Amino acid sequence: MAARAYWKGQIRLALVSIPVEIFSATKSGATIAFNQIHEPSGKRIKYEKVVPGIGPVDPDEIVKGYQYEKGSYVLLEDEELEAVKLESKKTLELTQFVDHDEIDVLYFEKPYYVVPADDLAEEAYIVLREALRETKKVAIGQLAMRGREYIVSLKPCGRGIVLETLRYADEVNKAQNYFRDIGDDKPDEELLDLAEALIDRKTAKFDPGKFHDRYVEALQDLIERKRKGKTIHAEEEEKPARGMNVVDLMAALKRSIDKPGEGGGAARKSGGGTKTTAKKAPAKKAPAKKAPAKKSAAKAEPARKRA
């Protein structure tokens, strides 16, 4: 069955119009839905719509309401809500072009494939695609779809063009509200070298097919085992430490690099991973000096007890 177009219309750039169709580029992954069950009877729990002090109500008596203050609502009819919906205009006007890396990733929301509507539209479509690719620009416009207006971006994607809906400014939380208390000091050079060596060892081409939703797979396995009457024993996962000092971090990074079978493409192909590790293996002298101090402190403890 052919995919159904999410939107049909035309892209307009000045006096040039390109008839196109837009298709969703993503789909929902595997999910497992649960129902609430009354355990003693094994029957599913159902919900009734009730009004406090009145009881169950007829669905025909339910309308939408906006609470403008506690306990006070503006009631709205479906016809009134339908009347204010934006008409699904059939034209996407390209009003601005920006550098391809200028839009923060936080603003991107959902991708769609844009394809020419017919053979006659293909030439203009290819011209737009290649012009965006050559200039390394992203086209920006606004598009009304299904009663709502979106900011959208257009950029080349292989032989085609991808449209992405963007969030409005008031939909994105300001990063500084969360990051302001994080220090901006430069990290220890040796720690940084070790981290970079580890990144180099694990660098490889992105292949989304290698990743699976392990939570869903574990749920499916759990459900199947329970269905067959097997006893399930929950295993407690070891909690990660709250933090680590420089000595622990240095040791952890070195162990990560020395661990056999770790890492991927780039370092293995070049053969440079081993050399990099050899250069960065020696630890700083400073941590070594701290070890005797811990031992003397341990000896002092029994002495206090004898006293």
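The numbers here are math on the coordinates, done by the rules we state, and not lab data. Bear in mind that the values here come from a model prediction, so they are computed numbers and not experimental data. Cβ placement follows ideal geometry from the backbone for every residue including glycine, while neighbour counts extend to all protein chains displayed.
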Quiz prompt | Å³ per residue enclosed by the Cα convex hull of region 22-62 | solution = 172 Å³
Quiz item: Measuring from label point to label point, each 7 Å out along Cα→Cβ, what is the Arg180 to Asp60 span in nm?
Solution: 5.6 nm
Quiz item: By the gyration tensor of its Cα atoms, with a ≥ b ≥ c the square roots of the eigenvalues, what is the shape of region 87-160: rounded for a/c under 1.5, prolate for a/b over b/c, or oblate?
Solution: oblate
Practice problem: Could you calculate, for region 86-228, the ratio of the Cα radius of gyration to the Kirkwood radius, expressed as Rg to Rh? | Solution: 1.10
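Only Cα pairs under 8 Å and at least 6 apart count here; give the relative contact order of region 123-201 as a rounded whole percent.
Details: 57 pairs, mean separation 13.6, N = 79.
In percent, rounded to a whole number, it is 17.
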Exercise. Measure up Lys43/Lys226; Lys110/Lys137; Lys202/Lys259; Lys64/Lys85; Lys64/Lys110; Lys27/Lys210 against 21 Å on the Cα-Cα distance and list the ones that go over.
Key: Lys64/Lys110
Quiz item: In Å, the Kirkwood hydrodynamic radius of region 172-222 over pairs of distinct alpha carbons?
Solution: 15.6 Å
Practice problem: Please give every one of the aspartates and glutamates within straight-line cross-link reach of Lys49, meaning a C-alpha to C-alpha distance under 14 Å, and leave out same-chain neighbours fewer than 8 residues apart. | Solution: Asp58, Asp60, Glu61
Quiz item: Based on the Cβ-Cβ distance from Thr31 to Glu171, what FRET efficiency comes out when R0 is 35 Å, to the nearest 0.05?
Solution: 0.90
